[in-house]
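Visitor: Got a structure for you, questions after.
Derivation of every value follows stated rules applied to the coordinates shown; laboratory data play no part. Just so we're clear, the structure is a prediction, and the values are computed from it rather than from any experiment. Cβ atoms come from the backbone with ideal geometry, glycine included; neighbour counts cover every protein chain shown.
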Amino acid sequence: MQPSYNSNYTATNAPVPEGTIIVERGVSAQEFAPKLNRTAADVIRFLLQNGEMVTATMTLTDEQMELFALEVGAEVLLVEPGQQEELELQAMFDDSDDDDESLQAPRAPVITVMGHVDHGKTTLLDRIRHANVVAGEAGGITQHIGAYMVERDGGNVTFIDTPGHAAFTKMRARGAQVTDIVVLVVAADDGVMPQTVEAINHAKAADVPIVVAVNKIDKDNADPGRVLSQLAEYELVPEAWGGDTIVVEMSAQQNVGVDELLEQLLAVAEVEELTANPTGRAKGIVLEANLDTGRGPVATVLVDKGTLKVGDPIVAGGSWGRVRALIDDKGNQVKEAGPSMPVQVLGLQSVPNAGDEFRAADNEKTAKTVGEAREQRQRLKAQRGDARVQKGVKLEDIFSQIQAGEVATLNIVLKADVQGSLEAVTEALRRLERDEVKLAFVHRAVGGITENDISLAATTNATLIGFNVRPDRKARDLAEAEHVEVRTYEIIYKLLEDIERAMVGMLAPEFEEVVTGEAEVREIFRVPRIGAIAGCIVRSGQITRGSKVRFLRDGTIIWKGAIQSLKRFKDDAREVREGFECGVGLSDFQDLKPGDLIETFEEREVARV
Ligand code: GDP
């Protein structure tokens, strides 16, 4: 039978090896050919005759390898790189002991503190952390390693140090669930606010029990009863009202009720029967990781089961190494870490991702093979991703491409303020997809628009869409230099309308926003009868009274409105320029904090072309 491809090339005349030849995916012609007793030139020539241009070092596709194997009469089995070792590593973890009660020991619950901004999450975490430091120990200073553990008579409790749901959702997005219990902080004077509701939804979606901490009960205008009835609307009915939600009234600032909260958390842990087998090889999750100039890659991990020891070979995501040192949350070197105990691991060869799983391996060779294979897979995937998205077109060109009868792919880097809106915007955009217009999300994440996002959009020819988030100054400059289109929205419907218009060739921004000034909040002053004033320094441009303004925290829009009052020292000012300090009146928005940014902007009409 005549093969359907062109085969009139002359191969090297050696016989091919007999039997099944195992070939790892992702190899190039020069790696592939020798396994079949052929040369890279053979492979290249053959593929060329079949209309495919490859070079000796380019990765071959499955089809290319199979086609060539067929041609030379070899039988190949394509496997994922490191697959064999990967299976060995999995097999080392015999989960059959999980059901053996005699091996299980109680473990500390892992807590994430969530709630609306300014309701006291950080204060609570600091309060608990410091109460845990024995006077005199290491000067009473604790290390911020991403999590810490407090010791109580009734057991230990581990706290994730990053409050809020960003960290929580980031982990969940990677399939890792580290949190056992969510502490929902609600300020008694402010009640249930948008981020409170988001936190409730996140915890519910993850099926994690919620313990409510009604905070700031020391305040005169505290109204815990109102908080409780608000919470009841979200199916969080307090025990006192016949429900099953544990509620602790407290003041993080005055250290009231904090002990009780810890007791309650231990009680929940007991009810939830949080146990783990502390013996054997360790496995767990990477909480955070970074490259330390002095110490190399440093990862904070939380052990799920087993005990991690100094000297253990480990694999963490696509990174591997041997544990050189373990450092606990008080900065002490420790020899081992058991379940729920956060430790920093030194000795990895590269930086893993937050949310990656780690496992201790039998020997360094397995760790190395698996780690390197995974790393290679990740790289390949990224490359393939790049290849796929290279064809992206700009928003404004999309219509001409459709008209030319081609399928237009609009590459998008999407950033949003919270996970919920990220999902909502993605969903909505997906619904706009048509046969002739495809959307490819190059990157989707929660948070302000950074330089990284811009460079990613630049390399993938993507349009950057921000929802309730803004680019910082560096990102803005880079976007301009790289000609990356950044479109920010606060209303989904406006966003969709723009994209739809682009699809029918009607995209012409009628208004363009121009940032006119940027100021950084240094301090908040409370002035009787007037309210809060933000003491700021103007970082660029000028701040003008009456101008439209956005307040940003970490690139996320937290409020929009107009500047009501502007002062230079005690005097009213009409305008304050770069480098000068000023006071900005906060009318109905009181939640600014030092470090927040104030961005003023104008909308300018842009002529249609
Ligand atoms: P976060 O944004 O939720 O982390 O809130 P913070 O912990 O930063 O607290 C916001 C503000 O509320 C700070 O000025 C705290 O000092 C204050 N605060 C926190 N807890 C209490 C409390 O129990 N009582 C009072 N009166 N103020 C508190």
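Visitor: Taking Lys438 as the anchor, which lysines have their alpha carbon closer than 17 Å to its alpha carbon, excluding any fewer than eight residues away along the same chain?
Guide: Within reach: Lys391, Lys394.
Visitor: Between Glu63 and Phe441, what FRET efficiency follows from the Cβ-Cβ distance if R0 is 30 Å, with the result rounded to 0.05?
Guide: For Glu63 and Phe441, the calculated efficiency is 0.70.
Visitor: Another question, then. Report the label-to-label distance for Ala562 and Ser28 in nanometres (one decimal), using points 7 Å from each Cα along the Cα→Cβ vector.
Guide: Those two pseudo-labels are separated by 6.3 nm.
Visitor: Okay, moving on. In this model, which of Lys216/Lys548; Lys204/Lys494; Lys494/Lys593; Lys283/Lys368; Lys204/Lys593 are farther than 21 Å apart at the alpha-carbon? Don't skip to the end; give the middle numbers.
Guide: Numbers: Lys216/Lys548 33 Å; Lys204/Lys494 30 Å; Lys494/Lys593 30 Å; Lys283/Lys368 16 Å; Lys204/Lys593 29 Å.
Too far apart for the 21 Å limit: Lys216/Lys548; Lys204/Lys494; Lys494/Lys593; Lys204/Lys593.
Visitor: Using 28 Å as the Cα-Cα cut-off, could you pick out the over-long pairs in Lys309/Lys330; Lys121/Lys309; Lys121/Lys330?
Guide: Cα-Cα > 28 Å for Lys121/Lys309; rest within.
Visitor: Here's a follow-up. No solvent, one uniform scatterer per C-alpha: report log10 I(q)/I(0) for region 147-258 via the Debye equation at q = 0.11, 0.12, 0.13, 0.22 1/Å, two decimals.
Guide: Cα-only, vacuum Debye calculation for region 147-258: -0.37, -0.44, -0.52, -1.34.
Visitor: Something else now. Tell me, Thr20, Thr293, Thr112 in order of fewest to most beta-carbon neighbours within 10 Å?
Guide: Thr293, Thr20, Thr112
Visitor: Between Glu260 and Lys593, what is the FRET efficiency for a Förster distance of 25 Å, r being their Cβ-Cβ separation, to the nearest 0.05?
Guide: Working: r = 28 Å, r/R0 = 1.12.
The formula returns an efficiency of 0.35 here.
Visitor: How far, in nm, would the chain grow between Arg574 and Ser540 when pulled straight, counting 0.36 nm per residue and subtracting the alpha carbon separation? It would help to have the intermediate numbers written out before the result.
Guide: On the way: separation 34, 0.36 × 34 = 12.24 nm, distance 1.63 nm.
Between Arg574 and Ser540, full extension yields an extra 10.6 nm.
Visitor: Rg and Dmax of region 243-320, Cα atoms, in Å?
Guide: Considering region 243-320 through its Cα atoms, Rg and Dmax are 18.2, 52 Å.
Visitor: Loop-only check: which trypsin sites (Lys or Arg not before Pro) in region 226-307 are DSSP coil with at most 14 other Cβ within 10 angstrom?
Guide: Numbers: sites: Arg226, Arg281, Lys283, Arg295, Lys305; in loops: Arg281, Arg295.
Of the trypsin sites (Lys or Arg not before Pro), the ones in loops of region 226-307 whose Cβ has at most 14 other Cβ atoms within 10 Å are Arg295.
Visitor: Related question: In which sequence would Asp477, Asp572 go, from the one with the fewest C-beta neighbours within 10 Å to the one with the most?
Guide: Lowest count first: Asp572, Asp477.
Visitor: What distance in nm lies between label points placed 7 Å from Cα along the C-beta direction at Asn201 and Lys219?
Guide: My value for the distance between the label points is 2.4 nm.
Visitor: Let me ask something additional. How large are Rg and Dmax for region 404-550 when calculated on the C-alpha trace, in angstrom?
Guide: 17.9, 66
Visitor: If you don't mind, another one. I want to check the label-to-label distance for Ile492 and Arg431. Put each point 7 Å from Cα in the C-beta direction and report it in nm to one decimal.
Guide: Here the modelled spin labels are 0.7 nm apart.
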